[in-house]
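Just so it is clear, none of the values below were taken in a lab; they were calculated from the coordinates. Small disclaimer: the values here were computed from a predicted structure and weren't measured. Heads up, the Cβs are rebuilt from the backbone with ideal geometry, glycines too, and the neighbour counts pull from every protein chain shown.
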Amino acid sequence: MKKILIGLAAIIFLVVGGLVYVYVNLDDIVKTTIEKAGTRVTLAEVTVEGVAIEATQNTAAINGLVVGNPDGFKTDYAFSLGNISVRLDGSTLTSDTIRIIEVVVDAPSVTYELGNGSSNIATIQRNVESFVQRVSGPAGAGGADGDAAGDDAGSSTKIIIDNVYVRNGNVGVSAALLQGKKLSASLPEIHLKDVGKEENGATPAQVAGEILTAINASVFQAVSSLNVDGLLQGVGDLGKGVVGAI
């Protein structure tokens with residue numbers, strides 16, 4: 001009996017110790033999760049400066065989230081998402097479908113780079129769409145990517161977001177034909193409603209894909225508004241193809 005009690009005490013100690021560790025290191029755990037999942041989905045390096053979670057307030061702040069570029073592109077990054085604030089419905093945190101009341105992305109900076117017969121934004125978009133398709137499939141695509149897709153597909157947790165706002169953003173254009181000159185435009189404000197609601201909850205990858213698609217469409221709208229003769233005319237069919245890719 002004594003040995004049994006000692007064994008139970010040891011198990012309880014490990015469980016409590018694990019919970020304390022998660023609670024104390026929650027910010028770092030979320031930061032690492034975002035970086036790993038984001039890199040896996042976009043096939044571009046994703047880094048986060050810091051995460052601050054207020055569990056009692058059901059809020060979170062994500063600072064310095066940067067999405068790098070896919071292979072073959074030379075600018076420092078594709079997206080620097082500034083400050084992201086999240087407000088959750090705390091009553092759903094233990095359910096299979098988590099409701100997020102609001103996500104606000106403030107002051108994102110986007111670098112639109114033309115090259116390799118496409119653009120960095122269009123390439124990331126295709127990478128995300130490919131990942132979401134694999135996740136939505138019955139068993140993934142096999143191999144390392146298939147395993148990653150299977151992990152996401154196997155998760156029972158789904159997400160619904162009431163409102164997503166992207167505000168005060170800007171787009172910088174980079175292309176060899178500009179010969180070092182920089183072009184920039186304001187990013188049109190984005191407001192998405194009921195993300196994932198029609199499916200009674202979407203996977204994190206599907207949610208990320210929908211939000212990224214909206215941001216990309218806004219990027220192309222901003223680039224088109226520049227109306228610089230040397231830009232799209234200089235790339236000819238490439239410019240049309242890049243816009244058409246989204």
Under a plain spin-label model, where a point goes 7 Å from the Cα along Cα-to-Cβ, how far apart in nm are Arg126 and Thr94? 4.7 nm
Charged-residue dipole, Cβ positions (Lys, Arg, Asp, Glu), the stretch 33-118 about Cα centre, Debye nearest 20: 120 debye
Taking 26 Å as the cut-off for C-alpha to C-alpha distance, list the pairs among Lys36/Lys158; Lys74/Lys158; Lys74/Lys197 that go past it. Lys74/Lys158; Lys74/Lys197
With a Förster radius of 25 Å, plug the Cβ-Cβ distance of Ser224 and Asn170 into 1/(1 + (r/R0)^6) and report the FRET value to the nearest 0.05. 0.95
Please give the length that would be gained between Val104 and Lys197 if that part of the chain were fully extended, namely 0.36 nm times their separation in residues minus their C-alpha to C-alpha distance (nm, one decimal). 31.7 nm
Set the Förster distance to 25 Å, then compute FRET efficiency between Ser184 and Thr32 from the Cβ-Cβ distance, nearest 0.05. 0.15
Can you list residues from other chains, or at least 5 along the same chain, whose modelled amide H is less than 5 Å from the amide H of Lys197? Ile161
Please give the FRET efficiency for Asn83 paired with Ala214, using the beta carbon to beta carbon distance and R0 = 22 Å, rounded to the nearest 0.05. 0.75
Cα-based convex hull volume of the stretch 43-104 per residue, rounded to whole Å³: 94 Å³
Glu113's amide H: which non-local residues (gap 5+, or another chain) put their own amide H closer than 5 Å, with H modeled 1.01 Å from N in plane and none for Pro or chain starts? Asn120, Ile121, Ser174
Among 202-211, 56-65, 99-108, the order from most to least packed when residues are scored by Cβ within 10 Å on average: 202-211, 99-108, 56-65
